[in-house]
Protein chains: 2
Amino acid sequence: MQVSTATAGPSGGPRARSRDRATAEIRDRLVEAALVEFANHGFDGASTRAIARRAGAHQPQINYHFASKEELWKAVLLKLLGELDAATAIAPGLSPRETMERAIRGVVAMGAARPELNRIMIHEGTHPSDRLVWLVETQVAPRTRPMLALWEKLRAAGEAAPISPELLYHVLIGAASLLHANAPEARLLLGIEPSDPAIVEAHADALVAMFLPPNPKDRAAR
Amino acid sequence: MQVSTATAGPSGGPRARSRDRATAEIRDRLVEAALVEFANHGFDGASTRAIARRAGAHQPQINYHFASKEELWKAVLLKLLGELDAATAIAPGLSPRETMERAIRGVVAMGAARPELNRIMIHEGTHPSDRLVWLVETQVAPRTRPMLALWEKLRAAGEAAPISPELLYHVLIGAASLLHANAPEARLLLGIEPSDPAIVEAHADALVAMFLPPNPKDRAAR
DNA sequence: GTCTATAATTAGATAGAC
DNA sequence: GTCTATCTAATTATAGAC
């Protein structure tokens, strides 16, 4: 990564700050363009020329602002995962069941708003690579553990569908994200627009009903 | 692979049949190799050289046996979809519920045995292309319609989870296939082997329980 | 920081000897 | 049918003028 080492004064006069702002902007434009190209064609299938063109920049600017295509890819994922964190942030004071419901709705909302994250993860997950190891070990695993612990608690309380924690992650993410990751297919096959708010809500409702079925004890208590 | 030098007689002596057999064999080896490369890297990311290497052939043989990379890709899908049909063939005399249960178990079994089909479909579904149009219109749509009709029947009978037919396809396929499509990720993240028969069975059992929950009427009748 | 030019490699496809 | 050589185009990355 190219750090903007100030050529200006000791540490940042007005001009240096203005230039830093411009640098941050072009970097973000490149990340936004790369996110789409990586999501559409996979890492190998995406070309830095197409990314630069989409960003309104020249191809060598990628190697200037990022050390390599791979570093650009990592920047893409860090940005998208930050947005995922915002969409699934846990609110304090909620019951385990409410927490899980919020997580499910957050995952669906994120998949609809930013299908690129799931597209990229799905592309990468199909074959072993150094990128996949980085992604799983440093990003996915830390985010997954709290959800699996929560699931075990719900299962013990009889409030969760009969799915083992080992299977939960892929069953839930698959059920929640494929419609959006493969939205172009859904448009052709079903003639629907997966990002339509009414569909997003129906989708989330269905998943909550399936993964968090009504608790028999609650029904008895009513 | 060296074939008998025979140019053989006018139309189909023993030697011609032997050559046809050899041709069919190399074609299938190329299809099997292509299936893995397309599944791992997507259409754009897969190279014909890597495919030929995996098949123990030379790169120009692909253009000799298939008109183009795209025709090879279509041959891959026709083979895999034929196997899917075999795995999900409907048995006569079963109730709608039993038929749906068999379909769910067949989809899971196919995903575990041939993860390449779902990997390729997932790669293609992320962006519009002529290949996607061909895939959806000529292959996916005809196979999907009977399943959706069956689902509506089950929903009307109160035997199906509360998912609209429009959402069913992607929710079910996502829940059933992501674990296998992204098996390399699951191995790293969870330390499990998704093709393990015990996991395949537990996975299918969980999906059947979630998508075909016990019918309240049946419970009342017991 | 940008942009032109280009190096070094690889892509899909073809020609022609065998 | 196979296989070597090769064509054209596209790839990531770099050099250097501005």
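Scanning segment B:108-133 for residues that are buried (at least 24 other Cβ atoms within 10 Å of the Cβ) and hydroxyl-bearing (Ser, Thr, Tyr) yields a single hit, B:THR126.
Scanning segment A:16-64 for residues that are free of Cβ contacts under 8 Å to residues at least 40 places away in the same chain and within 8 Å of DNA strand C (Cβ to nearest atom) yields A:ALA16, A:ARG19, A:ASP20, A:ALA22, A:ILE26, A:ALA57, A:HIS58, A:GLN59, A:PRO60, A:GLN61. Do you know which residues across segment A:160-191 are part of a loop (DSSP other than H, G, I, E, B) and facing chain B (nearest Cβ under 7 Å)? Matches in segment A:160-191: A:ALA161, A:PRO162, A:ILE163, A:SER164, A:ASN182. Given the criteria assigned to a loop (DSSP other than H, G, I, E, B) and more than 16 Å from DNA strand C (Cβ to nearest atom), does B:ALA67 qualify? No.
Within segment B:22-59, the set of residues being within 14 Å of another protein chain (Cβ to nearest Cβ), within 12 Å of DNA strand D (Cβ to nearest atom) and either crowded, with 21+ Cβ neighbours inside 10 Å or in a helix (DSSP H, G or I) (or both) comprises B:ASP44, B:GLY45, B:THR48, B:ARG49. Only one of the numbered conditions (1) in a helix (DSSP H, G or I); (2) more than 22 Å from B:ALA206 (Cβ to Cβ) is violated by A:LEU154, and that is (2).
For A:ILE62, the stated conditions do not hold, so it cannot be described as away from DNA strand D (no atom under 16 Å from the Cβ) and either at pLDDT 95 or above or within 14 Å of chain B (Cβ to nearest Cβ) (or both). Only one entry of A:ALA149, A:ALA176, A:ALA113, A:ALA141 meets the criterion of being within 21 Å of B:PHE211 (Cα to Cα) and either outside the structural domain of A:HIS203 (by TED's automatic domain parsing) or not polar (S, T, N, Q) (or both), and that entry is A:ALA176. Taking every residue in segment B:72-93 that is within 14 Å of chain A (Cβ to nearest Cβ) and pairing it with any residue that is away from DNA strand C (no atom under 16 Å from the Cβ) and not hydrophobic (A, V, I, L, M, F, W, C), at least 6 positions away or on another chain, the pairs with Cβ-Cβ distances below 9 Å are B:LEU77/B:GLN139. Restricting the search to segment A:96-130, which residues are more than 23 Å from A:ASP196 (Cβ to Cβ), more than 11 Å from chain B (Cβ to nearest Cβ) and touching a helix residue (DSSP H, G or I) at 6+ places or on another chain (Cβ under 9 Å)? Matches in segment A:96-130: A:PRO96, A:ARG97, A:THR99, A:MET100, A:ASP130.
The values are calculated or read from the model by the stated rules, or taken from the named source; none is laboratory data. Since we're looking at a predicted model, the values are computed, not measured. Don't worry about glycine lacking a Cβ; one is built from the backbone with ideal geometry, like all the others, and counts go over all protein chains shown.
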